[in-house]
1. Please return the ranges of helices (runs of 4 or more DSSP H) entirely within the range 89-182 where 1 or more residues are modelled with pLDDT of 90 or more.
2. Kindly indicate whether any position in the range 81-92 is of a type in the set (Val, Ile, Thr), out of contact with any Ser or Thr (no Cβ under 9 Å at 6 or more places or on another chain) and touching a residue at least 60 places away in the same chain (Cβ under 8 Å).
3. Given the conditions (1) small (Gly, Ala, Ser); (2) over 16 Å from Asp44 (Cβ atoms); (3) loosely packed, with under 14 Cβ neighbours inside 10 Å, report the number of the one that Ala78 does not fulfil.
4. Tell me which residues, restricted to the range 65-96, are over 21 Å from Leu113 (Cα atoms) and hydrophobic (A, V, I, L, M, F, W, C).
5. Check Glu127, Glu60 and return the single one that is within 25 Å of Ile147 (Cα to Cα) and over 14 Å from the mean Cα position of the chain (by Cα).
6. Filter the range 25-68 for residues that are of a type outside the set (D, E, K, R) and not in a helix (DSSP H, G or I); which is farthest from Glu134 (Cα to Cα)?
Amino acid sequence: MSQVRRSLGAGLDGVDSGSEDLVAFLIACTDYMRASLDRLHAQDHRLHECLQPFVGPDDEDAQAKLDALDERLRRSEASLETFVAARNALEAAGPAGQPAFVAAGREFLDVFLNILRASQHSTEDIEQREFGQEQWDYISGITEESIATEDALFQRVSELAPAGAEPASFPPIRPPRPIPKD
């Protein structure tokens, strides 16, 4: 996702108004981000569900972390919804819709990056203490279908990327966090 996010940012910065190819690329980036974030949002909902039993009524710190998780999730879902609406408007308008999409895309990336910065493992202490492999398997919800979908969407972004916005030119930021073993 970090590669496509940065590829999208490069595409937004290099907007060539009037280009049908760029419209297709921006739509492909949005489709990938939507699929990935829908999966991550579902994971966060399951994470909250799994964390809730470990938060006692008097544990204000843990409750504040759950409340923050819920708020970030609400903001992220709302931002994604607005971004997808801008994608749909771009698809309908074609190149003439690029300026509005660029503004919406930049707003989406700003919200997305601020939410990521704010959520750097805020509930990690509870997760490490209480979760085993069973919880992580449930939370991830990753299926062969979800992997295939994201792979196909990533390939579409890669095929349509203009010079300087290819996802492969943006290596992953860091490897995924290891899942604890029982």
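The values are calculated or read from the model by the stated rules, or taken from the named source; none is laboratory data. If you're wondering where the values come from, they're calculated on a predicted model, not measured in any experiment. Cβ placement follows ideal geometry from the backbone for every residue including glycine, while neighbour counts extend to all protein chains displayed.
1. Counting at least 1 such residues, we get 98-118, 133-140, 144-160.
2. no
3. Here Ala78 clears every test but (2).
4. Residues satisfying the conditions are Ala89, Leu90, Ala92, Ala93, Ala96.
5. That would be Glu127, the only listed residue that is within 25 Å of Ile147 (Cα to Cα) and over 14 Å from the mean Cα position of the chain (by Cα).
6. Pro57
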